[in-house]
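Laboratory data are not the source of any read-out in this text; all were calculated from the coordinates shown. Being a predicted model, the structure only gives us computed values, none of them experimental. Cβ coordinates were reconstructed from backbone atoms using ideal geometry, including for glycine residues, and neighbour counts include every protein chain displayed.
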Ligand code: 13P
């Protein structure tokens, strides 16, 4: 973390979990233990059908509500999809874009990810842009090239003043939901690489202002070590964000002066 130049952000990604009733129950439990997170921003990205419920339930918790996905078109015949303006109208400030599960199961390409980034930014919503390699890609030595391609494609056409609103999340696919975390050094190395790519594209001043998160089996026991890396400015947390006490423990790890 480096709070001098950028925000630390702890974000949960609930994926396809939690009903509206479970969301209310989660909020009740969280209320008892949620710290006043002075040193980091906190948010939870929830299924779109639960956004309104979560907004009401988390109102007194200093916990922003984000979305997990959006469509890049403004409106139209796209059955089942949700637009940026619909999210904006609900008060959403963050949206996850390009998660590896969406790339893998819903055929999202780098071009689609780029269109979604623009759609979010045009609606004043901060995209949390996910990038990451598979185990096969890591073992064949293409991690750096792949990350560079994903970052450059996602940010294509994004001007510097809007880049400040973007968060990049490095999520190695082999560490997601597997209990296998990247070591702090492995994660820190790729996050530094992402910052170097942004530096080449936008210059040093912009690069140092961008929040870069790590995601992939982050939990209460590894969070502090990961967050101690200079280029890791927070976490995107799946499984552990479904359990109030684990989510809070990770927030506490980030909420150190
Ligand atoms: P886990 O924390 O469950 O590994 O999920 C990480 C993730 O995909 C967050 O977007």
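So for the stretch 24-143, what are the equivalent ellipsoid semi-axes in whole Å, largest first, each being the square root of 5 times an eigenvalue of the Cα gyration tensor? Mind dumping the intermediate values first?
Details: eigenvalues 149, 84, 32 Å².
Working from the Cα gyration tensor, I get semi-axes of 27, 20, 13 Å.
Spatially, the stretch 225-257 and the stretch 132-150 are offset by 25 Å when compared through their Cα centroids.
When the Cα gyration tensor is reduced to axis lengths a ≥ b ≥ c, the ratio a/c is 1.5 or higher for the stretch 1-69, and with a/b not above b/c it is classed as oblate. Between residue 5 and residue 256, the simple label model (points 7 Å from Cα in the Cβ direction) yields a spacing of 2.1 nm. Largest GNM mean-square fluctuation among 204, 223, 77, using the chain with Cα springs under 10 Å: 77.
Of 72, 105, 214, which has the largest mean-square fluctuation in a 10 Å C-alpha GNM of the chain? So, out of 72, 105, 214, the one fluctuating most is 105.
For residue 56 and residue 21, compute 0.36 nm times the residue count separating them, minus their Cα-Cα distance, and round to one decimal in nm.
Details: separation 35, 0.36 × 35 = 12.60 nm, distance 1.23 nm.
Gain on stretching residue 56 to residue 21: 11.4 nm.
Given R0 = 25 Å, the distance between the Cβ atoms of residue 148 and residue 106 translates into a calculated FRET efficiency of 0.60.
Determine the shape class of the chain: with a ≥ b ≥ c the square roots of the Cα gyration tensor eigenvalues, call it rounded for a/c under 1.5, and otherwise prolate if a/b is greater than b/c, oblate otherwise. Note, shape of the chain comes out rounded. In the Gaussian network model of the chain, springs joining C-alpha atoms below 10 Å, which of 115, 93, 31 carries the largest mean-square fluctuation? The residue that fluctuates most here is 31. In terms of its C-alpha gyration tensor, the stretch 201-257 comes out prolate, because a/c is 1.5 or above and the ratio a/b outweighs b/c.
Of the two radii for the stretch 136-257, the radius of gyration is 0.97 times the Kirkwood radius, both from the alpha carbons; that is the Rg over Rh value.
Quote the FRET efficiency, to the nearest 0.05, computed for residue 124 versus residue 192 with a Förster distance R0 of 45 Å and r equal to the Cβ-Cβ distance. Show your work: numbers first, answer last.
Working: r = 29 Å, r/R0 = 0.65.
Here the calculated transfer efficiency is 0.95.
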